[in-house]
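> Mind looking over this structure? Questions follow.
The values are calculated or read from the model by the stated rules, or taken from the named source; none is laboratory data. Predicted, not measured: the structure shown is a model, and the values here were computed from it. Here the Cβ is made from the backbone with ideal geometry for all residues, glycine too, and neighbour counts use every protein chain on show.
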Amino acid sequence: MIKNNSINRILKTTILLIALIIFLKFPSKNKYSLKTKKVMKNNNYHDIFLLDENDYLSKTTVPINNEETIYLKDELLNILKCNKENNKILNGFKCVIPNNLDIKSKINNDSIDIYLSKEFSNYSDSIKEKIIESIVYTLTSINSINNINIYVDNNLYKENLNRSYGINKKYDLSSLNDINNVTIYYINKINDYEYYIPVTKYTNSNEDKIKVIIEELSSKSSYESNLMSYLNYETKLINYDLDGDKLDLYFNEYLFDNSKDKKVLEEVIYSIKYSLQDTINVSNINIFVNNQEI
């Protein structure tokens, strides 16, 4: 009896070892989906601006293999391009650059020169805008890069582009004079995955841009039903202090999602910070409620 039990244990152990060897020899292919994104903690991720199901350029992330700028720029541009080898885009998002458009790049101090083939000239204005906006916003998310220069068929097309160029542009103009713009980061959701959609609005308003951003985010309704903000509509910006690239914001208690726990939703903080960083070019933003920093 003891001998039979020993043989059974040996057989089970042998089967498990064989199964383990097969699994290690033939690993499953990585699949990057909305569900796996949050559990792949060992991967490095980087911001990228891709089209969502409503054709908004959206801020999301992709796993990357390179962190050095000279290689990272090429990796991000390759993900933006519609090719069959592109398997890093999350479900619900789409590539931006048509596959027949050749694209090359070169680092020039704190800028990147982008060289597009002549096919670019054949695209509609709306497609051209999406391509440029996605390239500018994606590549300026690299810490060392501030500007993008675009060449088409080796001829300069646009130069010194940064996030002041705008994205997902909306116009509400009554005059071509005194045009101002703000970029607001709204929130949308695919299944359980939340992501940010920047919208640059052009108006003839001379209102304070910082106040406009907070008022827009705390508005009860957006101009598009699929764009959301989690900022309570009773939230008020009491005061602010702007000193160089440092901005201190002072709010009333309605900024809290839960006044008892005195917690502010992460989505609220990021919507505010992303919007201000892109609109007035500040890097250090501090938030206070009743004069207490959160």
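> Regarding VAL182, is this residue of a type in the set (Val, Ile, Thr), in contact with a helix residue (DSSP H, G or I) (Cβ under 8 Å, 6 or more places away or on another chain) and closer than 23 Å to ILE103 by Cβ?
no
> Next question, about the same structure. Can you pull out the residues in segment 138-187 that are buried (at least 17 other Cβ atoms within 10 Å of the Cβ) and among the charged types (D, E, K, R)?
Result: ARG163, single match.
> Still on this structure: Restricting to segment 258-268, give me the number of residues that are in contact (Cβ under 8 Å) with a residue 24 or more places away in the chain and either in contact with a Leu (Cβ under 8 Å, 6 or more places away or on another chain) or closer than 19 Å to ILE187 by Cβ (or both).
As a first pass, look at segment 258-268 and keep what is in contact (Cβ under 8 Å) with a residue 24 or more places away in the chain: 262, 264-265, 267-268.
Adding the requirement that they be either in contact with a Leu (Cβ under 8 Å, 6 or more places away or on another chain) or closer than 19 Å to ILE187 by Cβ (or both) leaves 264-265, 267-268.
Final tally of qualifying residues: 4.
> Answer yes if at least one residue in segment 54-62 is within 19 Å of TYR193 (Cβ to Cβ), small (Gly, Ala, Ser), at pLDDT below 95 and surrounded by 12 or more Cβ atoms within 10 Å (Cβ to Cβ), and no otherwise.
no
> A further question on this structure: For segment 110-161, what are the residues that are modelled with pLDDT of 95 or more, assigned to a loop (DSSP other than H, G, I, E, B) and farther than 18 Å from VAL96 by Cα? Write out each step before concluding.
Keep residues of segment 110-161 that are modelled with pLDDT of 95 or more, which gives 110-142, 145-161.
From what's left, assigned to a loop (DSSP other than H, G, I, E, B): 110, 117, 123-124, 140-142, 145-146, 153-154.
Of everything in segment 110-161, those that are modelled with pLDDT of 95 or more, assigned to a loop (DSSP other than H, G, I, E, B) and farther than 18 Å from VAL96 by Cα turn out to be ASP110, ILE142, ILE145, ASN146, ASP153, ASN154.
> Please find, within segment 245-273, the residue that is surrounded by the fewest Cβ atoms within 10 Å (Cβ to Cβ) out of those that are more than 26 Å from the chain's Cα centre (by Cα) and in a helix (DSSP H, G or I).
GLU253
> Next up: Could you count how many residues in segment 169-202 are β-branched (Val, Ile, Thr) and over 24 Å from the mean Cα position of the chain (by Cα)? Even if it seems obvious, please write down each step before you answer.
Step one: list which residues in segment 169-202 are β-branched (Val, Ile, Thr), which gives 179, 182-184, 187, 190, 197, 199-200.
With the extra rule that they be over 24 Å from the mean Cα position of the chain (by Cα), the set shrinks to 179.
Of the residues in segment 169-202, 1 are β-branched (Val, Ile, Thr) and over 24 Å from the mean Cα position of the chain (by Cα).
> Also, quick follow-up: Please work out which one of (1) in contact (Cβ under 8 Å) with a residue 40 or more places away in the chain; (2) more than 25 Å from THR61 (Cα to Cα); (3) buried (at least 16 other Cβ atoms within 10 Å of the Cβ) is the condition LEU242 fails and give its number.
(3)
> Whether any residue in segment 179-192 is outside any strand (DSSP E or B), under 30 Å from ASN149 (Cβ atoms) and outside the structural domain of THR61 (by TED's automatic domain parsing) is what I want to check.
yes
> Right, next: Take ILE107 and tell me if it is surrounded by fewer than 17 Cβ atoms within 10 Å (Cβ to Cβ), aliphatic (A, V, I, L, M), within 16 Å of LEU50 (Cα to Cα) and at pLDDT 95 or above.
It is false that ILE107 is surrounded by fewer than 17 Cβ atoms within 10 Å (Cβ to Cβ), aliphatic (A, V, I, L, M), within 16 Å of LEU50 (Cα to Cα) and at pLDDT 95 or above.
> For the list (1) out of contact with any helix residue (DSSP H, G or I) (no Cβ under 8 Å at 6 or more places or on another chain); (2) surrounded by 15 or more Cβ atoms within 10 Å (Cβ to Cβ); (3) assigned to a loop (DSSP other than H, G, I, E, B), I need the number of the one condition that THR235 fails.
Failed condition: (1).
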